[in-house]
Amino acid sequence: MRPLLHISDLHFGRNDTTTREAKAAIAAIIARWGGDANKPIIVATGDIVQDGEPAQYEIARVEIERLRAAGFEVFLVPGNHDYGRMGSHAEARRFTYFKEAFYPTRLVAYPDVYRIEGWTIVGLNSMKAECGFVDGLLADGELGPDQISDANLVLRQLQEERKSGRTKLVVALHHHPFLFPDESPIKKLGELVGHRLKDGADLMHKITGLTDVLLFGHDHREWDFSKELGGKVLTTDYDIPVILSCGTTSGVNDITQEPGPRKAWLIEEAGGQVRPREITL
Ligand SMILES: [Fe+2]
């Protein structure tokens, strides 16, 4: 099985530095694996662009097309920034730009189930129930009950294949479906007001024990939840062997706007085990 490469939060169009660094990340992927028969399958967990603007999507489209032309499979789910200005003014119509830019020739509906080699990737849209004049404000997300129950159904239907070792199940979405266990009270409050996935607890309840890998971005903070954080080991609590938050793959610091390490996870399968490795592009 080819490995997965988890990237996130490229934010094309945020400013010249971010766009340049995001393009450099794409170029680094092509330089590193472009000539490789065992190219990783790329999973991008949202915030591909900064404001959901057509001009930003055009820049991102060219870059994603560059990867595909070099032979990479690229699977993307949307984030709050793909849906609107500064990630805080979500409009459903902007999702049309996302689909036109990245999936011009196929129907995209969520859960978006993508099967490749031994992987089954269940992509979720954490902005699906979070659009409109009031609901679309701020940076929180909501899957909606239908999407969660459909994801649960897909995962349950695939358990036999999973148990017999024929597939590894991956759930990928933009928002973190739980708070990082070490958050300060102030950050926790900010999460509750307008940054979290509102129905994250419902999602976790419905995927616990049913999946091998859970991938997300949004917080711009890389973490492997098999490691203890705030006194908790969440891979154990949720009975999901691999849970990863990806940092920004453009690598630009949110406060200083200075370039930094371009973060990604390489996820490899060997002997039935899935192991993540933090990499810098
Ligand atoms: Fe982001």
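Taken together, the values in this text are just the output of simple stated rules run on the coordinates, not laboratory data. Keep in mind it's a predicted model, so treat the numbers as computed, not measured. We place every Cβ from the backbone using ideal geometry, glycine too, and count neighbours over all the protein chains shown.
Some values worked out for this structure:
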item: Selection from Gly144, Val108, Ile267 lying farthest towards where the dipole of the chain points positive, charges on Cβ; result: Ile267
item: Rounded to the nearest 20 debye, dipole of region 67-198 from Cβ charges on Lys, Arg, Asp, Glu; result: 240 debye
item: Centroid-to-centroid separation of region 94-156 and region 195-255 [C-alpha atoms, Å]; result: 17 Å
item: Where Cα atoms sit under 19 Å apart: lysine pairs in the chain separated by 8 or more or lying on different chains; result: 15
item: GNM result for the chain, Cα springs below 10 Å: residue of Glu160, Glu65, Glu73 fluctuating most strongly; result: Glu160
item: Dipole magnitude (debye, nearest 20) for the chain, charges at Cβ of Lys, Arg, Asp, Glu; result: 620 debye
item: Region 234-281: C-alpha gyration tensor shape, a/c 1.5 cut-off, then a/b vs b/c; result: oblate
item: Farthest positive-ward along the chain dipole, Cα basis, beta-carbon charges - from His195, Ala70, Val252; result: Ala70
item: Sum of side-chain charges, Asp112 neighbourhood, beta-carbon under 12 Å (Lys, Arg +1; Asp, Glu -1); result: +3
item: Region 174-234: trypsin sites (Lys or Arg not before Pro) falling in loop per DSSP and having at most 16 other Cβ within 10 Å; result: Arg221, Lys227
item: Most mobile listed residue (Gly123, Gly79, Gly144) in the chain, GNM with C-alpha springs under 10 Å; result: Gly144
item: Sparse-neighbourhood loop sites, GluC sites (Glu not before Pro) in region 180-256 - DSSP loop, at most 15 other Cβ within 10 angstrom; result: Glu183, Glu228
item: Mean separation of Cα contacts under 8 Å, 6 or more apart, over the residue count of region 4-280: relative contact order %; result: 20 percent
item: Low-density loop positions, GluC sites (Glu not before Pro), region 75-150 - DSSP coil, at most 16 other Cβ in 10 Å; result: Glu91, Glu117
